[in-house]
Amino acid sequence: MFRYVHTNIIAKDHQKLIHFYKEVFHCKSIGETRNLRGEWLDRLTGIHGAHITGEHLCLPGYGTDHPTLEIFSYDTMEDSNSRINGCGIAHLAFEVDDVEETLQILLEKGGSQIGELVKTTYENGKKAVIVYAADPEGNIIELQSWS
């Protein structure tokens, strides 16, 4: 079997970031909280004394058989800088009913905008409204709507 399972975000403050994704993107708690430590985790992560806390959130638009957004914090973490053109995972994308309204909520909840909101028409005639933004910890998010 092959099946997409989750995307993980390592947060400075997992509780604050979990609240942000629930408020802005309607992610839902599904009872999958984590408080992990032990020799097995040290071996898995390569970090001596690793301790992970956090939660899996159900992504919007999915039922019981769903991928999740996994938001965790380690007791000890490294700082990194996310850039839109950086190598690796660049952003999370959410299709929303109203990009401008969702962007406003995102900004009110501590996020930030990257670049300009654009409206464009693709070669196939589909129209899109798109903007890049960031959550309170700088993780890049794409908001999009289509017509």
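The values are calculated or read from the model by the stated rules, or taken from the named source; none is laboratory data. Since the structure is predicted, the reported quantities are computational estimates derived from the model, not experimental observations. All Cβ positions, even for glycine, are placed from backbone atoms using ideal geometry, and neighbour counts span all protein chains on display. Ligands, DNA and RNA are excluded from the accessible area calculation, which covers all protein heavy atoms including side chains. Shrake-Rupley method; radii C 1.70, N 1.55, O 1.52, S 1.80 Å.
His66 is checked against (1) surrounded by 16 or more Cβ atoms within 10 Å (Cβ to Cβ); (2) not in a loop (DSSP other than H, G, I, E, B) and fails just one. What number does that condition carry?
Exception for His66: condition (2).
Can you tell me which residue in region 116-147 is nearest to Leu59 (Cα to Cα), limited to those that are assigned to a strand (DSSP E or B) and acidic (Asp, Glu)?
Glu142
Can you say whether Gln113 is of a type in the set (S, T, N, Q), touching a helix residue (DSSP H, G or I) at 6+ places or on another chain (Cβ under 7 Å) and outside any loop (DSSP other than H, G, I, E, B), as far as the supplied structure shows?
For Gln113, the condition - of a type in the set (S, T, N, Q), touching a helix residue (DSSP H, G or I) at 6+ places or on another chain (Cβ under 7 Å) and outside any loop (DSSP other than H, G, I, E, B) - is met.
Would you be able to tell me the number of residues in region 1-55 that are of a type in the set (A, V, I, L, M), open to solvent by less than 40 Å² (accessible area, probe 1.4 Å) and more than 23 Å from Leu92 (Cβ to Cβ)?
2
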